[in-house]
1. Among DSSP beta bridges lying fully in the range 56-192, give the percent that are antiparallel, nearest 5.
2. Looking at the chain only, what percent of DSSP beta bridges run antiparallel? Nearest 5 please.
3. Assuming R0 = 22 Å, what is the FRET efficiency of VAL359 and ALA322, from their Cβ-Cβ distance, to the nearest 0.05?
4. Can you work out the Karplus-derived ³J(HN,Hα) for every residue in the range 283-291? Use 6.51 cos²θ - 1.76 cosθ + 1.60 with θ = phi - 60°, whole Hz, and x for glycine or proline.
5. So what is the relative contact order for the range 390-511, in percent, with contacts set as C-alpha pairs under 8 Å and at least six apart?
6. Can you list the residues, at least 5 places off or on another chain, whose amide H is less than 5 Å from the amide H of GLY493, using H built in the peptide plane?
7. Is the range 463-544 best put as rounded, prolate or oblate by its Cα gyration tensor, with a ≥ b ≥ c the root eigenvalues, rounded for a/c under 1.5, and otherwise prolate when a/b is larger than b/c, oblate when not?
8. Going by amide H atoms built from the backbone, whose H comes under 5 Å of the H on LEU117, apart from near neighbours?
Amino acid sequence: MSPTRHAAARALLSDPLTNKGTAFTAEERDAFGLHGLLPPHVGTLDSQIERRRKALEEKESDFQRYAFLRELQDSNEVLFHALVQSDLPRMLPLVYTPTVGEGCERFSEIWRRPRGLFLSYPNRDRISDILADPAYDRVKVIVVSDGERILGLGDQGAGGMGIPIGKLALYTACAGIHPSEVLPILLDLGTDNHARREDPLYVGWRAPRVRGQDYDDFVETFVSAVNDRFPGVLLQWEDFAGKNAYDLLVRYRDRLLSFNDDIQGTAATAVGTLLAAIGRTGVPLTEQRVVLFGAGAAGSGVAEMLVQAMMADGLDEKAARANIWAVDRDGLILSDIPRLPQQQAKLARDPAEIEGWNVSGQNMISLQEVVANVHPTVLIGTSGQKAAFDERTIRTMAETVERPVVFPLSNPISRAEAHPADILEWTGGKAIVGTGSPFGTPGVTQVNNVYIFPGVGLGALASGATAVSDAMFMAAARRLGELGGGTQDGRGGLLPAVTELRDVALEIAVAVAAQAQAEGLATAEPEALTRESIAASMWQARYA
Ligand code: NAD
């Protein structure tokens, strides 16, 4: 064999997009000169899945399983995705929340092979050059983070890359986007996490975070380069800290087919699940009294979508806002609190309302005081504050509401506002409970964005949408709410099981594509928007 043929054979095995490992057939081994590089046995995808499953289960911790799966993804993408799809309830918590949280915190420890792109501040003049690599010619979906607000774990710097990698694995698993069409990107603008920066193993740029105009200029350079290189690409902003999350969404949503999953994806997931819960309680959305705990990107996104949904159901904006109370670190958000961020100012309540509420004597109205006075039907946590929903608050809520809806959505599990089993116990099983991460508590719904973003992305791409509108997210939320799940006695989960996530993504995609068309945002031919066409476009993890 010639040296080039030897090199090509090795390249075939070391590229995770082409490697089939022992599943290369005898003919392929002849054709590509693979004999000797592989053991003689010719395996099948199924036998490979079984071998990897066994090795996976022999690991001692979920973090080790996470690292194992990351290495598998970097060596054989088809096998990785086939394994993930073979058992979504087992695999999702390993490749995504909650384990991905530790995966980000310990990203540098398990650094092995490059995946995706690190665009660092010192390389800001090279961004176009880096994106020009022909390896990215097929890219259709980008998930990008700057690592500043990773789940509820704060600034993880370059370790935040775990999130774009994990989310894109779900785009493939749930929406059938081919692995060669996804690109995880981490904008490395430094980190203010001292422990990371001082860790000798840290793989990121060791500098305090770049902020202000320099930050904005960097992102502008990035977005322009993406627009030039990947016209029509779908870009998902992920785990940016509050103000940047909003600013980037607003600045770029008309220039780039893009959305912010923390704001819009969470909102659609929470509202969709709430609509499913309302089906159980029988109280119409317009009569719900909703308390939101943690009014950052996720919480205020949920609030704004709830306002829109209530308005669509007949309320005017003032009446819709009157049904929502937002609590943040300074307690109930009141209009006389100075320097409220814009998103929180929209949710601020009139201070006249709280007369007599403050029984604790603190200089703020606590969650407990809000619950005692508002008698909420719904309590949603997006604060990243562990155990913030205490027994007294939940018991108080259950005193006046027949079936309280309680969603402690913060991730990972270590940041959840309450354990779902406790909420069920404190309410005598009356509560309808949803959590961000999977706890394994029977009857509890996992209210996670994975129910929304793969379908929204798929629908936007299939329709050739020129923008992702709020109405497309509303269509996704309503469709999710209709899909239902659980059991007739009202004890089961509110959403379809995790095993059905591919069907969920398809249903959401069909609804999103139809909405894009209705709004004049779709550029694809109408035939491309049907359920059949979209389903046919979804990649299955099988060897070519
Ligand atoms: P964020 O930082 O934008 O918002 C967090 C908010 O909580 C901020 O406004 C902060 O001031 C507030 N907060 C902090 N301490 C508080 C306290 N003691 N009391 C009340 N409020 C307090 O972050 P985000 O993007 O909104 O995410 C928040 C949490 O929601 C994270 O844990 C994240 O994992 C979770 N989340 C879950 C899902 C899901 O799919 N289930 C989706 C998105 C976000």
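1. Of those bridges, close to 0 percent are antiparallel.
2. On the way: 2 of 37 bridges.
About 5 percent, rounded to the nearest 5.
3. Step by step, r from the Cβ atoms, then E = 0.45.
4. Per residue, the Karplus-derived 3J(HN,Hα) values read 8, x, 4, 5, 9, 6, 10, 10, 10 Hz.
5. It comes to 22 percent, rounded to a whole number.
6. Amide H neighbours of GLY493: GLY443, GLY486, THR487.
7. Note, shape of the range 463-544 comes out oblate.
8. HN-HN under 5 Å from LEU117: ILE185, LEU186.
Rule-based calculations on the coordinates, nothing more; no lab input. These numbers were taken from a predicted model, which means no experiment stands behind them. Quick reminder, even Gly has a Cβ in these numbers, built from the backbone with ideal geometry, and neighbours come from all protein chains shown.
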